[in-house]
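Visitor: Sending over a structure as structure tokens; questions will come in a sec.
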Amino acid sequence: MLYTAENSYGDVSNKVVADFGCGCGTLGLAATLLDAEHVIGIDVDDESLEIASINADDLEVEMGLIQCEIKNLNWRGQIVDTVVMNPPFGTRKKGVDMEFLSVALKVASEAVYSLHKTTTREHIKRAALRDYNASSAEVICELRYDLPKLYKFHKKKEVDIAVDLWRFVPKSKQESSS
């Protein structure tokens, strides 16, 4: 995901990157390894952030970490270049994936990379372009994701999910005010 963001679009190296719902830091740490100027991981779960901090130390890289719900992130304007995220898919808490996307498109100036279930493709594209300040919304890769049972609310041992990797380009400040 990050390799594609950097090598196909130049959206990581020398950029300020935010990892929304960073968990143990996988995407954000990948951005640091691809020479992002600065990376900020944001997650609501303090245990995940502790693991992300340990992972950053193990890799000998710097990554800022913030404990916060994405919907409560009070950043004003386009203050990061790129947002990367693997948001909750919104199957347990309907619409949570769209909250992530809405905030990401408000704070990113260049691009948002996000994973969403393929079954929601038309809804994601329509909402991004119509409601969430995107000037473009493109599926750049279709993936199969084997989701193991991680949480108590997961009913099956594992589920194979079709997932889209999206690249969204936010409208510039000039575009959104016109």
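Visitor: Go through region 144-178 and report how many residues are part of a strand (DSSP E or B), loosely packed, with under 13 Cβ neighbours inside 10 Å and either modelled with pLDDT under 65 or of a type outside the set (A, V, I, L, M) (or both).
Guide: The qualifying residues number 5.
Visitor: Now for a separate question. Tell me which of these Asp58 doesn't satisfy, since it passes every other one: (1) more than 26 Å from Asn7 (Cα to Cα); (2) part of a helix (DSSP H, G or I); (3) at pLDDT 95 or above.
Guide: Here Asp58 clears every test but (1).
Visitor: Mind checking which residues of region 11-51 are in a helix (DSSP H, G or I) and of a type in the set (Gly, Ala, Ser)?
Guide: Across region 11-51, the qualifying residues are Gly28, Ala30, Ala31, Ser48.
Visitor: Among the residues of region 95-143, which ones are in contact (Cβ under 8 Å) with a residue 60 or more places away in the chain, assigned to a helix (DSSP H, G or I) and open to solvent by less than 10 Å² (accessible area, probe 1.4 Å)?
Guide: The answer is Leu101, Ala104, Leu105, Val107.
Visitor: With respect to the numbered conditions (1) modelled with pLDDT under 95; (2) under 14 Å from the mean Cα position of the chain (by Cα); (3) not hydroxyl-bearing (Ser, Thr, Tyr), which one is the sole condition not fulfilled by Asn72?
Guide: Going through the list (1) modelled with pLDDT under 95; (2) under 14 Å from the mean Cα position of the chain (by Cα); (3) not hydroxyl-bearing (Ser, Thr, Tyr), Asn72 breaks only (2).
Visitor: Going by the structure shown, is Thr26 over 21 Å from Lys171 (Cβ atoms), of a type in the set (Val, Ile, Thr) and open to solvent by less than 60 Å² (accessible area, probe 1.4 Å)? Working first, answer last.
Guide: Details: over 21 Å from Lys171 (Cβ atoms): yes; of a type in the set (Val, Ile, Thr): yes; open to solvent by less than 60 Å² (accessible area, probe 1.4 Å): no.
No.
Visitor: Please give the number of the condition Asp45 fails out of (1) under 27 Å from Ala162 (Cα atoms); (2) exposed (fewer than 14 other Cβ atoms within 10 Å of the Cβ).
Guide: In the conditions (1) under 27 Å from Ala162 (Cα atoms); (2) exposed (fewer than 14 other Cβ atoms within 10 Å of the Cβ), Asp45 misses (2) alone.
Visitor: Can you tell me which residue is most open to solvent (accessible area, probe 1.4 Å) among those in region 61-87 that are in contact with a strand residue (DSSP E or B) (Cβ under 7 Å, 6 or more places away or on another chain) and part of a loop (DSSP other than H, G, I, E, B)?
Guide: That would be Asn86.
Visitor: Return yes or no: is Ile51 open to solvent by 50 Å² or more (accessible area, probe 1.4 Å) and not acidic (Asp, Glu)?
Guide: Yes: the conditions hold for Ile51.
Visitor: On the basis of being closer than 24 Å to Asp160 by Cβ and of a type in the set (Gly, Ala, Ser), does Ser135 make the cut?
Guide: No.
Visitor: Among the residues in region 40-54, are any closer than 24 Å to Leu143 by Cα, without any contact (Cβ under 8 Å) to a residue 24 or more places away in the chain and among the aliphatic types (A, V, I, L, M)?
Guide: Checked region 40-54: no residue is closer than 24 Å to Leu143 by Cα, without any contact (Cβ under 8 Å) to a residue 24 or more places away in the chain and among the aliphatic types (A, V, I, L, M).
The values are calculated or read from the model by the stated rules, or taken from the named source; none is laboratory data. Source: prediction; values computed, not measured. For neighbour counting, all protein chains shown are included, and Cβ atoms are generated from backbone atoms with ideal geometry for every residue, glycine included. Accessible surface is based on the protein model in full, side chains and every heavy atom, while ligands, DNA and RNA are left aside. Shrake-Rupley method; radii C 1.70, N 1.55, O 1.52, S 1.80 Å.
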